[in-house]
Amino acid sequence: MRIALVLGLLGVLAAAARLEIVQPALHQYEGGPALTGAVEFFPGDTVFLSFRVSGFELVEKANEESLALEYEIDALDPQGVRLQEKVGGKVSAVVRPEDKRAKWLPLVDYSVLVPSAAPPGEYRLALAVRDLNSGAEARRDVTFRVRGRYVEPSETLVVRNFRFYRSEVDTRPLEVPAYRPGDTLWARFDITGYKLGPNNRFSIDYGLSVLSESGRVLYTQEVAAADERESYYPERYTQGSLSLSLTRDLAKGTYTILLTVRDHLGDQTYQVRQNFFVD
């Protein structure tokens, strides 16, 4: 009976000393209140995370007790692709008697930017902590959702979601792309299927022509816009836009925008035609 009691006590002590990642919380800004419920972010948002560590081992030296931890944090999209390089660091501190009485626990802060081209879905922050004094390790995942725009992927260059708008800031596309002479036409579209080079570099441009009902070219711009950059997170799509100032003497009728997109790294070209009306 005495042996069983001793073993039982040792088991309780071992459980109490287990290294754990505790009190994980997501925040909208650094030092802000913890977000509760279903947490959602948008592309371009910064996600702030904090967590504490318990069950660490203290080492006494020069009449002081201290802790020594190291941690790694990996931010992953729904397909397991990293949003940024894995972040690591160390935490060391002297733990005083008053800290023990207050049940003080070391704190780790972290932040990650949600890429502008981040797809919707559940994202994961994979946390790992190692106690340098005891060698114990702990892991934990923290998840959040991103309400990104879904753009259907493509193996080859393509334009998707071409939409006409009344103004530059409108969010609701026109059901019928009808304008009047003197109006400014606005349109937005997604480009995907271009090839990525080293460091996720891509290089694209696009131009446009405006055609009359008979097919006559009324206006043309060989390169209306270009986009060339690289990033840690692969930007699988990018959004393009265009605007046209319709002359006041423009005749009523149906007109066509001929959009030509070029992928310089993939040596691809794609054209799409979109009609609009002047009445």
Arg149: passes all of (1) farther than 24 Å from Gly37 by Cα; (2) modelled with pLDDT under 95 but (1)
Picked from the stretch 89-110 (must be surrounded by 15 or more Cβ atoms within 10 Å (Cβ to Cβ) and within 25 Å of Asp141 (Cβ to Cβ)), the residue nearest to the chain's Cα centre (by Cα) is Tyr110
In the stretch 246-279, residues that are surrounded by fewer than 17 Cβ atoms within 10 Å (Cβ to Cβ) and either acidic (Asp, Glu) or closer than 21 Å to Glu155 by Cα (or both) total 10
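Name the residues in the stretch 25-47 that are under 13 Å from the mean Cα position of the chain (by Cα) and either among the hydroxyl-bearing types (Ser, Thr, Tyr) or assigned to a strand (DSSP E or B) (or both), would you? Steps first, answer last, please.
Taking the stretch 25-47 first, the residues under 13 Å from the mean Cα position of the chain (by Cα) are 40-47.
Listed by number, the residues that qualify are Glu40, Phe41, Thr46, Val47.
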In the stretch 186-217, anything in contact with a Phe, Trp or Tyr (Cβ under 6 Å, 6 or more places away or on another chain) and more than 26 Å from Tyr150 (Cβ to Cβ) is listed as Val210
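Please report, ordered by residue number, the strands (runs of 3 or more DSSP E) entirely within the stretch 138-215 with at least 1 residues that are more than 30 Å from Gly253 (Cα to Cα).
Values: elements: 158-165, 184-192, 202-211.
Correct list: 184-192, 202-211.
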Note on the stretch 205-255: residues touching a strand residue (DSSP E or B) at 6+ places or on another chain (Cβ under 6 Å) and aromatic (Phe, Trp, Tyr) are Tyr206, Tyr219, Tyr237, Tyr255
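From the list Glu230, Glu235, which one is surrounded by fewer than 18 Cβ atoms within 10 Å (Cβ to Cβ) and charged (D, E, K, R)? Reasoning before the result, please.
On the way: Glu235 fails: surrounded by fewer than 18 Cβ atoms within 10 Å (Cβ to Cβ).
Step by step, each of Glu230, Glu235 is checked, and only Glu230 is surrounded by fewer than 18 Cβ atoms within 10 Å (Cβ to Cβ) and charged (D, E, K, R).
If a residue counts only when it is among the basic types (Lys, Arg), which strands (runs of 3 or more DSSP E) contained entirely in the stretch 216-277 have at least 2 such residues?
Numbers: elements: 217-229, 237-245, 253-263.
By residue number, no strands (runs of 3 or more DSSP E) qualify.
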Per the list (1) part of a strand (DSSP E or B); (2) free of Cβ contacts under 8 Å to residues at least 12 places away in the same chain, residue check on Asp109 breaks on (2)
Considering residues that are over 16 Å from Ala126 (Cβ atoms) and either in contact with a Leu (Cβ under 6 Å, 6 or more places away or on another chain) or in contact (Cβ under 8 Å) with a residue 12 or more places away in the chain (or both), the number found within the stretch 51-91 is 15
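The values are calculated or read from the model by the stated rules, or taken from the named source; none is laboratory data. A quick note: this is a predicted structure, and the numbers were derived from the prediction, not measured. Here Cβ is always computed from backbone atoms with ideal geometry, including for glycine, and neighbour counts include all displayed protein chains.
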